[in-house]
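Structure first, commentary second.
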Amino acid sequence: MEKLKQLRHFIFDIDGVLTPGSVLVTEEGQMLRTVNIKDGYALQHAIKQGFEIAIISGGKSEGMRKRFEGLGLKHIFLGQSNKVEAFETLKKTWNVTDDEIAYCGDDMPDFPLLQKVGLSTCPADAAQDIKDICELILPVDGGKGCARFILETAMKLQDCWLDKETFSW
């Protein structure tokens, strides 16, 4: 948790992290996913607090792109078979080092990227090989508030979760 006191750059996978990792396939072949509303709140709130948030996913769902763009995310990489390439692009865009970035992934396509970042995280139900290399195994399963847990914890540690400008009570 100590690293979350300084980190302001976060990257998330979609399937198995921001979704429960299952898809409903319609007769027409459309794949439908569910997302957690509390994750959505944390993502947009973190952006408003000056955090940099990105998505790197192997999936290609334009519905997911629209969802995350609607929350204010500017860096969305879909259809990434090599997630490290997108990561290198983000590092240059953000002008940061590996150590200044946290990543949350759940399965083998995330393995190389989880080994590079400053804080590697995964959902409680991640593949065992992923759990074995992550510094922080979240207390929630994929699609059940992974982004919320990470971002809320970081913002509380950095004293910007309950800012008076956002909440006027």
Selection status of LEU90, farther than 21 Å from ALA42 by Cα, surrounded by 14 or more Cβ atoms within 10 Å (Cβ to Cβ) and out of contact with any Leu (no Cβ under 7 Å at 6 or more places or on another chain):
no
What about LEU119, is it under 14 Å from ILE11 (Cα atoms), within 15 Å of the chain's Cα centre (by Cα), among the hydrophobic types (A, V, I, L, M, F, W, C) and surrounded by 23 or more Cβ atoms within 10 Å (Cβ to Cβ)?
yes
Of HIS75, HIS45, which residue is over 26 Å from PHE111 (Cβ atoms) and not basic (Lys, Arg)?
HIS45
Go through (1) within 17 Å of LYS3 (Cα to Cα); (2) without any contact (Cβ under 8 Å) to a residue 24 or more places away in the chain; (3) not polar (S, T, N, Q) and name the single condition CYS104 misses.
(2)
Quick one: count up the residues across segment 60-75 that are small (Gly, Ala, Ser) and in a strand (DSSP E or B).
0
Given the conditions (1) modelled with pLDDT under 95; (2) touching a Lys or Arg at 6+ places or on another chain (Cβ under 8 Å); (3) among the hydrophobic types (A, V, I, L, M, F, W, C), which single one is not true for PHE167?
(2)
Pairs where the first residue, in segment 113-137, is within 18 Å of LEU4 (Cβ to Cβ) and of a type in the set (A, V, I, L, M) and the second is at pLDDT below 95 and surrounded by fewer than 15 Cβ atoms within 10 Å (Cβ to Cβ), C-beta under 9 Å, 6+ apart
LEU136/MET1
Only unsatisfied item for GLU85, checking (1) over 14 Å from the mean Cα position of the chain (by Cα); (2) within 19 Å of ALA147 (Cα to Cα), is (2)
Restricting segment 60-81 to residues that are at pLDDT below 95 and more than 14 Å from the chain's Cα centre (by Cα), the one surrounded by the most Cβ atoms within 10 Å (Cβ to Cβ) turns out to be SER61
Taking segment 1-54 as the region of interest, how many residues are under 23 Å from LEU113 (Cβ atoms), part of a helix (DSSP H, G or I) and aliphatic (A, V, I, L, M)?
5
Scanning for something more than 16 Å from LYS48 (Cα to Cα), at pLDDT 95 or above and more than 16 Å from the chain's Cα centre (by Cα), does segment 136-154 turn up at least one residue?
no
Sole exception among (1) at pLDDT 95 or above; (2) out of contact with any Phe, Trp or Tyr (no Cβ under 9 Å at 6 or more places or on another chain); (3) closer than 22 Å to PRO123 by Cβ; (4) of a type in the set (Lys, Arg) for LYS92, by number:
(3)
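The values are calculated or read from the model by the stated rules, or taken from the named source; none is laboratory data. All figures in this text were calculated on a predicted structure; none of them were measured in a lab. Cβ: placed from backbone, ideal geometry, glycine included. Neighbour counts: every protein chain shown.
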